[in-house]
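Each value in this text was obtained by applying a stated rule to the coordinates, not by laboratory testing. If you're wondering where the values come from, they're calculated on a predicted model, not measured in any experiment. Counting neighbours? That spans all protein chains shown, and the Cβs are built from the backbone with ideal geometry, glycine included.
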Amino acid sequence: MRTLRDIHDLRHTLHGHRLRDQRIALVPTMGNLHAGHLALVESARQQADVVVASLFVNPMQFGPDEDLDAYPRTFEADQAQLTEAGCDILFAPTVSALYPNGLTAQTRVHVPEMGEGLCGGSRPGHFDGVSTVVSMLFNLVQPDIACFGQKDYQQLAVIRKLVSDLHMPIEIIGVPIVRAKDGLALSSRNGYLSQQERAIAPALYRTLCELRDALERGESIERVLHQGQTALYDAGFKPDYLELRDTMLGPVANTTRHAVLLAAAKLGPARLIDNLSVQLPAVTDTSH
């Protein structure tokens, strides 16, 4: 695996692969890799000749009171895991390489509607930061495909809309959530949990499973979501949101059959997110 930090070196290297008509895949990451990231690399490996992983802790997507400084940076371990996973190129630019004029003067990419509410509501400007850096990476790498995890469901939806709206010739592949044996969705931020908090954390997934089952039985959406909020509080979480949306993140209607249950909750210093697909029955009472 080649590790590149310079934009010119990246473009020069990829130009050679493109001349050989090789299919290029991109896996964007912020490092501190776990099995969920490696599943993205594996998916890319299966569908492309050349796999490029990027490693960049993007300051633009962190709010002023968020964990930019504390975000774990494990470059050498990440490098070793990517090599073992069969990644071909690691692109690890500096902040000054991608934002040479600083963040204030940087052009930003805004994806309307899809990035509003949910995580976009509680983290203002977050998805502008995501869509800006992803647009930059797409421009630099010019991949044929790009792989993103389904755990960040809203982020995946934002990226799909970005690519569609800007007519980018990139296939976006959503890779299923990778979970620990107890059901907790893998996340770099799980490392913030104490031993006691880590024992509590799987209750988020268990609660979503219980709510999904109730919704698929046709129970009232409003009542089920209220019960879910209570269950999360009782387990020790501070829920940020718990919502049922259609698969395009619009409101659920009486005609909606395929939906997604989305949750974000604080547990100690960690903000955990998760989601589950829900198949709603033909008659759903959304009024009470």
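Only helical runs count toward this figure. For the chain, summing -39,500 (n - 2.57) over DSSP H runs of n ≥ 4 and dividing by all residues gives -11500 deg cm²/dmol at 222 nm. Can you classify the stretch 118-162 as rounded, prolate or oblate using the Cα gyration tensor, where a ≥ b ≥ c are the square roots of its eigenvalues, rounded means a/c under 1.5, and otherwise it's prolate if a/b beats b/c and oblate if not? It is oblate, given that a/c is not under 1.5 and a/b is not larger than b/c. Calculate one ³J(HN,Hα) per residue across the stretch 240-249 by plugging θ = phi - 60° into the Karplus curve 6.51 cos²θ - 1.76 cosθ + 1.60, and present them in order as whole Hz with x for glycine and proline. Using θ = phi - 60°, the values come out as 8, 8, 9, 9, 10, 10, 6, 5, 9, 6 Hz.
Relative to the Cα centre, what is the charge dipole magnitude of the stretch 188-279, using +1 at the beta carbon of each Lys and Arg, -1 at the beta carbon of each Asp and Glu, and rounding to the nearest 20 debye?
240 debye
Think of each Lys and Arg Cβ as +1 and each Asp and Glu Cβ as -1; about the Cα centre, that makes the dipole of the stretch 47-152 roughly 220 debye. Extension gain for Asp49-Asp6 works out to 13.3 nm (0.36 nm per residue, less the C-alpha to C-alpha distance). A dipole drawn for the stretch 2-175 from +1 and -1 charges on Cβ atoms has a positive end, and of Ile7, Val175, Cys147 the residue lying farthest that way is Ile7. Loop-located trypsin sites (Lys or Arg not before Pro) in the stretch 150-193 (DSSP state other than H, G, I, E, B) with a sparse environment of at most 12 neighbouring Cβ atoms within 10 Å: Lys181.
Under the shape rule built on the C-alpha gyration tensor, where the axes satisfy a ≥ b ≥ c, the stretch 188-279 is prolate, since a/c reaches at least 1.5 and a/b is greater than b/c. Against the main long axis of the alpha-carbon atoms of the chain, helix 35-47 sits at an angle near 60°. What is the helix-to-structure angle for 75-85, meaning the angle in degrees between its Cα long axis and the longest Cα principal axis of the chain, kept from 0 to 90 and rounded to the nearest 10? Taking the Cα atoms of the chain, the angle to 75-85 is about 90 degrees.
In this Cβ point-charge picture (+1 for Lys and Arg, -1 for Asp and Glu), the chain has a dipole of about 280 debye about its Cα centre.
Between Ala231, Pro202, Ser220, the Cα set farthest toward the positive side of the dipole of the stretch 188-279 (charges on each charged residue's Cβ, about the Cα centre) is that of Pro202.
The distance separating the Cα centre of the stretch 33-55 from that of the stretch 152-211 comes to 16 Å. Whole-Hz Karplus values for the stretch 207-218 come out as 5, 4, 5, 5, 5, 4, 4, 5, 5, 6, 7, x Hz, taken residue by residue from phi with 6.51 cos²θ - 1.76 cosθ + 1.60 and θ = phi - 60°; glycine and proline positions read x. Taking amide H as placed 1.01 Å from N in the peptide plane, Met30 has its amide H under 5 Å from the amide H of Phe56, each at least 5 places away in sequence or on another chain. Over the stretch 2-175, Cα pairs under 8 Å with separation of 6+ residues give a relative contact order of 29 percent.
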